[in-house]
Amino acid sequence: TNSKRPCAERDKAILLVLLDCGLRASELCALTVRDYEAERGRLHIRHGKGDKGRFVFLGDRTRKAIWRYMMTRPGAKADEPLFATNSGSQLDRNNLRHTLTRIGAAAGVTDVHPHRFRHTFAVEFLRNGGNVFELQQILGHEQLTTVQRYVRLAEVDLENAGRRSSPADNWKL
């Protein structure tokens, strides 16, 4: 995202929001300025899948990236898109996919798309100590079985969990 393009701050904020929250492409594109609560560091997803709303919380780096991006949009109104195109209109899924593909190509990463960020978020959330019930709420899924599709942990994760959680080792038998 180290780019001199006019949309570089927007693109960095988008990448970090996708990675930090696991939003669906349509959810990210539908966000308005009013949906971002800077004080609490959260996004209000008003119309998730099944038209269900939820809140997701952002890390400090993502909050800072949104702040930097919003500094490039002085006077942005509450009902305007949070992530706007260069003309100020709402970003759509095709714009988003094109943006991510372009950034991925510049970074030498193939097959970059919004859902990959969602999957990466889910796996990294669990690797960093989150649990599947929290993840279910964050991703906006009604059924826990749906979450399992995103969470195909690598063999190394299972190996580490087995070693870390070994009752015989922990009881020093």
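The values are calculated or read from the model by the stated rules, or taken from the named source; none is laboratory data. Because the structure is predicted, anything quoted here is derived from the model rather than measured. No Cβ is skipped: glycine too gets one built from the backbone with ideal geometry, and neighbour counts run over all protein chains shown. The accessibility values were calculated without ligands, DNA or RNA, using every heavy atom of the protein model including side chains. Shrake-Rupley method; radii C 1.70, N 1.55, O 1.52, S 1.80 Å.
In summary, no lysines lie within cross-link reach of residue 172, defined as a Cα separation below 28 angstrom excluding same-chain residues under 8 places away. Among 58, 144, 100, the largest mean-square fluctuation in a Gaussian network model of the chain (Cα springs under 10 Å) belongs to 144. Could you tell me which GluC sites (Glu not before Pro) in the range 65-161 are loop residues by DSSP with no more than 14 other beta carbons within 10 angstrom of their beta carbon? Qualifying residues, ordered by number: 142. Looking at the range 1-73, the GluC sites (Glu not before Pro) that sit in a DSSP loop and have at most 11 other Cβ atoms within 10 Å of their own Cβ are 39. Taking all protein chains into account, the per residue accessible area for the chain stands at 62 Å² (1.4 Å probe). Helices meeting the span-like rule in the chain (full DSSP H runs, Cα extent of at least 15 Å along the helix axis, mean Kyte-Doolittle score of 0.0 or higher): 8-21.
Just in the range 22-58: which trypsin sites (Lys or Arg not before Pro) are loop by DSSP and have at most 14 other Cβ atoms within 10 Å?
Listed in order of number, the matching sites are 40, 52.
For n ≥ 4 DSSP H runs only, could you compute -39500 (n - 2.57) per run for the chain, divide by its residues and tell me the 222 nm figure to the nearest 500? Walk me through the numbers on the way to the answer.
Numbers: 9 runs with 90 residues, N = 173.
That comes out to -15500 deg cm²/dmol.
Farthest toward the positive end of the dipole of the chain, out of 7, 143, 110, is the Cα of 7, where the dipole comes from beta carbon charges about the Cα centre. Straight-distance candidates among the lysines for linking to residue 64, with alpha-carbon spacing under 27 Å and chain neighbours fewer than 8 residues away dropped: 4, 12, 77.
Percentage of Cα-Cα pair distances in the chain greater than 26 Å, rounded to whole percent? Can you show the working numbers first?
Working: 5063 of 14878 pairs.
More than 26 Å apart: 34 percent of the Cα pairs in the chain.
The dipole here belongs to the chain: it is taken about the Cα centre, uses +1 on the Cβ of Lys and Arg and -1 on the Cβ of Asp and Glu, and is about 340 debye.
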